[in-house]
């Protein structure tokens with residue numbers, strides 16, 4: 001598969017806006033392990049090989065375990081993830097699969113158990129942003145190594 005075009009070259013203002021979102025996320029104070037779980041899980045759901053490659057490398061560099069990355073798609077079946085991380089993974093799945101039913105009241109209430117509204121908003125922004133990145137990478141046929 002060949003890369004269709006480079007968004008930064010074709011539409012630099014659009015890329016600048018996306019980089020601005022990423023800059024906000026990185027400085028928002030969201031926990032790094034949680035950030036990586038969101039990006040990795042959403043990229044799994046969306047089938048974005050480029051993003052999975054990038055985010056697995058970043059997560060491992062920041063101390064995430066191979067075991068947790070390998071099992072994040074089956075997080076309900078393991079005790080490797082904290083209750084807070086489970087709530088985040090639920091949010092990630094429901095927001096990423098928005099057409100199924102969106103973020104449910106039950107999941108939102110669960111998130112409120114662990115996080116204040118500001119932190120929930122930050123989680124939402126990470127999920128929204130990684131979904132946008134996934135759609136850009138998949139639509140432009142961005143290749144691992146590009």
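The values are calculated or read from the model by the stated rules, or taken from the named source; none is laboratory data. From a predicted model like this one, the values you see are computed outputs, not experimental measurements. In this analysis, Cβ positions are derived from the backbone assuming ideal geometry, glycine residues included, and neighbour counts consider all displayed protein chains.
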Practice problem: For region 116-127, enumerate the residues that are part of a helix (DSSP H, G or I) and either free of Cβ contacts under 8 Å to residues at least 60 places away in the same chain or more than 19 Å from the chain's Cα centre (by Cα) (or both). | Solution: 117, 118, 120, 121, 124
Self-check item: region 6-42, residues that are at pLDDT below 95 and at positive phi
Solution: none
Exercise. Could you identify the single residue in 65, 104 that is over 12 Å from the mean Cα position of the chain (by Cα) and farther than 23 Å from residue 119 by Cβ?
Key: 65
Quiz item: Of all residues in region 101-115 being farther than 25 Å from residue 68 by Cβ and outside any helix (DSSP H, G or I), which is modelled with the highest pLDDT?
Solution: 102
Self-check item: Set 89, 80, 110, 142: member being more than 18 Å from the chain's Cα centre (by Cα), surrounded by 14 or more Cβ atoms within 10 Å (Cβ to Cβ) and within 20 Å of residue 58 (Cβ to Cβ)
Solution: 80
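For every residue, the table says whether it meets (1) free of Cβ contacts under 8 Å to residues at least 12 places away in the same chain; (2) more than 18 Å from residue 110 (Cβ to Cβ); (3) touching a helix residue (DSSP H, G or I) at 6+ places or on another chain (Cβ under 9 Å).
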{"site": "15", "(1), (2), (3)": "yes, yes, yes"}
{"site": "52", "(1), (2), (3)": "no, yes, yes"}
{"site": "57", "(1), (2), (3)": "yes, yes, no"}
{"site": "64", "(1), (2), (3)": "no, yes, yes"}
